[in-house]
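The structure under discussion appears below in the form of structure tokens.
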Amino acid sequence: MPGWLFVPAGLALAFVALPIAGLLTRVPWLRLPALLATPESVDALALSLQTCAASLILTIVLGLPLALAIARSTGPWAAVARVLAVLPMVLPPVVAGLALLVTLGRRGLLGAHLSAFGIEIGFTTLAVVIGQTFVAMPYFVIAVEAALRTLDPGFEQVAATLGASPSRVLSRITLPLLAPAFVSGAAMALARALGEFGATLTFAGSLQGVTQTLPQAIYLAREVEPDAALALSVVLLGLAAALMAVSGLVNRAASGVSDG
């Protein structure tokens, strides 16, 4: 590696690290327990953990079959499906929320029909889960799909030759080989769901205990109680860092096994 590359690499690291360090220096550490014990903070943290857990389950249930279908298919439809699957990654969050609102809101394309049966989705806790899943699932799909494309198909072919059904090959061969990408993709999706703000605010609003997640509580608190916003920011930062650390450890462990 050329030595001069360490200069821009160091600048890039400083570009990320300095704002985080600045945030940490402003946190009122002595008051942190009290700030996190307020009803607003407790409700926001509890709701974020609950909705993100539900979002992760939904992401896996829907995202895993989608990744498998895209990776194992060829032709124009597969390319179109892949573009659609990852599109929420590049959409502005407020656009994603607006798209969900005009589709599933009370007067939306599908929401109007659901409302006729007494089913309301917009501005409910379910809307938070849907919004988080919409923006987070692409991270899981792209991680699993990339891993699928690099897998040696020989193991699956041998199992199929020996008489294993496609479902058995999937459960006993494919999924175990995908475990590192599965965990890494799930961690990234969960971190993205935890940090989601724009889509959920547009589609679900910000009602304490019902739809107000950690990012929304931080945004609202920064004007009236900056110390509370900093305290919640530290919690969100710590959760995201832990998830990314897990993802990195799994990837390094997988690389070590493959090298061995």
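Quick grid of which residues meet (1) at pLDDT 95 or above; (2) closer than 24 Å to VAL234 by Cβ:
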position	(1), (2)
LEU162	no, no
LEU170	no, no
PRO176	no, no
PHE182	no, no
MET188	no, yes
PHE203	yes, no
THR211	yes, yes
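Being surrounded by 17 or more Cβ atoms within 10 Å (Cβ to Cβ) and aliphatic (A, V, I, L, M) is the filter here, so list the residues in the stretch 37-49 that pass it.
Result: ALA44, LEU45, LEU47.
Conditions tested, residue by residue: (1) crowded, with 20+ Cβ neighbours inside 10 Å; (2) more than 24 Å from ALA46 (Cα to Cα).
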position: GLY108; (1), (2): no, yes
position: HIS113; (1), (2): no, yes
position: GLU120; (1), (2): no, no
position: ALA136; (1), (2): yes, no
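Answer yes or no as to whether THR59 is out of contact with any Cys (no Cβ under 7 Å at 6 or more places or on another chain), more than 21 Å from TYR219 (Cα to Cα), without any contact (Cβ under 8 Å) to a residue 24 or more places away in the chain and not basic (Lys, Arg). Let's see the steps before the verdict.
On the way: out of contact with any Cys (no Cβ under 7 Å at 6 or more places or on another chain): yes; more than 21 Å from TYR219 (Cα to Cα): yes; without any contact (Cβ under 8 Å) to a residue 24 or more places away in the chain: no; not basic (Lys, Arg): yes.
Answer is no for this residue.
Out of the helices (runs of 4 or more DSSP H) lying entirely within the stretch 162-260, which hold 2 or more residues that are touching a Pro at 6+ places or on another chain (Cβ under 9 Å)?
On the way: elements: 166-169, 179-194, 198-204, 214-224, 226-259.
Where helices (runs of 4 or more DSSP H) fall fully within the stretch 162-260 and carry at least 2 residues being touching a Pro at 6+ places or on another chain (Cβ under 9 Å), they are 179-194, 198-204, 226-259.
Pull out all pairs, ordered by first then second residue, where Cβ-Cβ is under 6 Å, the residues are six or more apart or on different chains, the first lies in the stretch 154-177 and is under 20 Å from ALA143 (Cα atoms), and the second is at pLDDT below 90 and in a loop (DSSP other than H, G, I, E, B).
Close Cβ pairs (under 6 Å, with a partner that is at pLDDT below 90 and in a loop (DSSP other than H, G, I, E, B)) amount to LEU177/LEU151.
Counting only residues that are among the hydroxyl-bearing types (Ser, Thr, Tyr) and under 16 Å from the mean Cα position of the chain (by Cα), which one in the stretch 172-231 is farthest from LEU243 (Cα to Cα)? Steps first, please.
Initial filter on the stretch 172-231 (among the hydroxyl-bearing types (Ser, Thr, Tyr)): 174, 184, 200, 202, 206, 211, 213, 219.
So of that shortlist, the ones also under 16 Å from the mean Cα position of the chain (by Cα) come out as 184, 200, 213.
Values: SER184: 9, THR200: 21, THR213: 18 Å.
Going through the qualifying residues, I end up with THR200.
What helices (runs of 4 or more DSSP H) completely inside the stretch 69-158 contain at least 1 residues that are in contact with a helix residue (DSSP H, G or I) (Cβ under 7 Å, 6 or more places away or on another chain) and under 27 Å from SER206 (Cβ atoms)? So that I can check it myself, show each step before the final result.
Details: elements: 76-86, 93-104, 111-116, 125-150.
Per the criteria, 93-104, 111-116, 125-150.
Name, by its number, the condition in (1) without any contact (Cβ under 8 Å) to a residue 24 or more places away in the chain; (2) crowded, with 17+ Cβ neighbours inside 10 Å; (3) under 25 Å from LEU68 (Cβ atoms); (4) not acidic (Asp, Glu) that does not hold for PHE182.
So the condition that PHE182 fails would be (1).
Looking at (1) at pLDDT below 90; (2) closer than 26 Å to ALA67 by Cβ; (3) surrounded by fewer than 20 Cβ atoms within 10 Å (Cβ to Cβ), which one does GLU223 not meet, given that it meets all the others?
(2)
Do we find a residue being more than 23 Å from LEU24 (Cβ to Cβ) and free of Cβ contacts under 8 Å to residues at least 40 places away in the same chain anywhere in the stretch 227-238?
Here is the first cut: in the stretch 227-238, the residues more than 23 Å from LEU24 (Cβ to Cβ) are none.
Within the stretch 227-238 (the criterion being more than 23 Å from LEU24 (Cβ to Cβ) and free of Cβ contacts under 8 Å to residues at least 40 places away in the same chain), the answer is no, since none of the residues qualifies.
The values are calculated or read from the model by the stated rules, or taken from the named source; none is laboratory data. Note that this is a predicted model, so its numbers are computed, not measured. With ideal geometry, Cβ positions are generated from the backbone for all residues, glycine too; neighbour counts draw on all protein chains shown.
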